[in-house]
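Just so it is clear, none of the values below were taken in a lab; they were calculated from the coordinates. It should be emphasised that the depicted structure is a prediction, and the values quoted were computed from it without experimental measurement. Using ideal geometry, Cβ is built from the backbone for each residue, glycine included, and neighbour counts are taken over all protein chains shown.
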Amino acid sequence: MTPGGDARGPLTDPAGVAALLRYERARGFAGVAPDATPGFSGNKADGVRSQDEDADLIRSAQERLHAHALRPDGHRRALILVLQGRDASGKGGIIRHLSGAVGPHGLQTWAFGVPTQEEAAHHFLWRIQRRVPAWGRIAAFDRSHYEDILAVRMHGLAPRVVWEGRYDTIVDFENGLTAGGVDVVKVMLTVSQEEQAGRLRERITRPEKAWKHAASDLADRRRWHEYTQAFEDVLVRTDADAAPWYVVPSDRKWYARWAVGRILLHHLEAMRLEWPAADFDPATALAGLDATTALIAEG
Ligand code: ADP
């Protein structure tokens, strides 16, 4: 199948893909099949090709965002892409893919691991607030403030009353960001038990992946169903039109990369940012350019 062929049905435009993957309370997290490819009927080669085409569109959309940020009369907008999911669900790979598309000046990536001593000495949103992107930028979060519910709950790092209160704190925080011009787009990756086992096995057996292996990943895997419940709770309590959650099937890495790119594109397109109008007279500027050429020729 070629780009422009059947894979480009009406459902595969960015808004259509976003609608298909938007979290639905009735279906839940567990109701999304990790090996499905909603909105895409092609094969892996088609997916990779489509990713490359989207990379150009995402780059252009981010440049418009940046162009506006530079103009006194431009729109002040920025976007945070939150990626959550089980170990080895592919968060890092998706971010690497997007970084390749946009470049480090337009897309900054931040990974949130176990809080440092300094971070732990602050309110849990302190380290997140420091990474809110400047106008015109996109920030991709590899894990996020949601770990302050998920990791804290699963590892018993604070009493229930503490992490329970954070659902609402996070909703308020994200509402504030969105109202102020920073879009918050949240993706929960879903990977099957079999696929995760395969990826963890690779980490254990392949020298170039061994550095990623953590014994705690196996301990977490044993608690598969408890994690499923924790994800469900996060989704149901923090999904909002202002800061929506998407559940992205991630057994096929190429699909997850394509789908997250499309979701991002949907949100960038929804900002409706055209190229800002030139604030100079093109005829005068062209005459100036020609004059410089003539002067260089004269030596
Ligand atoms: P990854 O597993 O994403 O490749 P790391 O090996 O650095 O990256 O692991 C990050 C770990 O940090 C995860 O186990 C995660 O649960 C934990 N973590 C992240 N944020 C917090 C937090 N706020 N409190 C406790 N643990 C956290």
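The figures follow:
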quantity	calculated
Selection within region 142-154 - part of a helix (DSSP H, G or I), surrounded by 18 or more Cβ atoms within 10 Å (Cβ to Cβ) and more than 7 Å from the ligand (Cβ to nearest atom)	149, 153
Total residues in region 62-92, condition within 11 Å of the ligand (Cβ to nearest atom) and assigned to a helix (DSSP H, G or I)	2
Condition met for residue 263 (on the phi < 0 side of the Ramachandran plot, part of a helix (DSSP H, G or I) and touching a residue at least 60 places away in the same chain (Cβ under 8 Å))	yes
Sole exception among (1) more than 20 Å from residue 27 (Cα to Cα); (2) of a type in the set (A, V, I, L, M); (3) outside any loop (DSSP other than H, G, I, E, B) for residue 157, by number	(3)
Residue in region 196-209 that is within 13 Å of the ligand (Cβ to nearest atom) and not in a helix (DSSP H, G or I) present	yes
Enumeration of residues in region 24-58 that are surrounded by 15 or more Cβ atoms within 10 Å (Cβ to Cβ) and either in contact with a Phe, Trp or Tyr (Cβ under 7 Å, 6 or more places away or on another chain) or not in a loop (DSSP other than H, G, I, E, B) (or both)	29, 37, 40, 46, 47, 49, 50, 51, 54, 55, 57, 58
Top-ranked residue of region 266-299 - restricted to ones that are in contact (Cβ under 8 Å) with a residue 60 or more places away in the chain and over 24 Å from the mean Cα position of the chain (by Cα), ranked as surrounded by the most Cβ atoms within 10 Å (Cβ to Cβ)	276
Lone qualifier among 183, 279, 220 - being assigned to a strand (DSSP E or B) and farther than 30 Å from residue 43 by Cα	183
Test: residue in region 168-178 that is more than 15 Å from the ligand (Cβ to nearest atom), surrounded by 17 or more Cβ atoms within 10 Å (Cβ to Cβ), more than 17 Å from the chain's Cα centre (by Cα) and touching a residue at least 24 places away in the same chain (Cβ under 8 Å)	no
Sole exception among (1) closer than 18 Å to residue 260 by Cβ; (2) in contact (Cβ under 8 Å) with a residue 12 or more places away in the chain; (3) within 17 Å of the chain's Cα centre (by Cα) for residue 34, by number	(3)
Considering residues of region 179-189 that are of a type in the set (A, V, I, L, M) and over 24 Å from residue 228 (Cα atoms) only, the residue surrounded by the fewest Cβ atoms within 10 Å (Cβ to Cβ)	179
Within region 101-116, considering residues that are away from the ligand (no atom under 16 Å from the Cβ) and either of a type in the set (Phe, Trp, Tyr) or out of contact with any helix residue (DSSP H, G or I) (no Cβ under 7 Å at 6 or more places or on another chain) (or both), the one nearest to residue 196 (Cα to Cα)	108
Verdict on residue 256 being surrounded by 21 or more Cβ atoms within 10 Å (Cβ to Cβ), part of a loop (DSSP other than H, G, I, E, B) and touching a strand residue (DSSP E or B) at 6+ places or on another chain (Cβ under 7 Å)	no
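Residue-by-condition table, conditions (1) within 30 Å of residue 169 (Cβ to Cβ); (2) of a type outside the set (S, T, N, Q); (3) out of contact with any strand residue (DSSP E or B) (no Cβ under 6 Å at 6 or more places or on another chain):
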residue: 25; (1), (2), (3): yes, yes, yes
residue: 32; (1), (2), (3): yes, yes, no
residue: 75; (1), (2), (3): yes, yes, yes
residue: 88; (1), (2), (3): yes, yes, yes
residue: 108; (1), (2), (3): yes, no, no
residue: 113; (1), (2), (3): yes, yes, yes
residue: 126; (1), (2), (3): yes, yes, yes
residue: 134; (1), (2), (3): yes, yes, yes
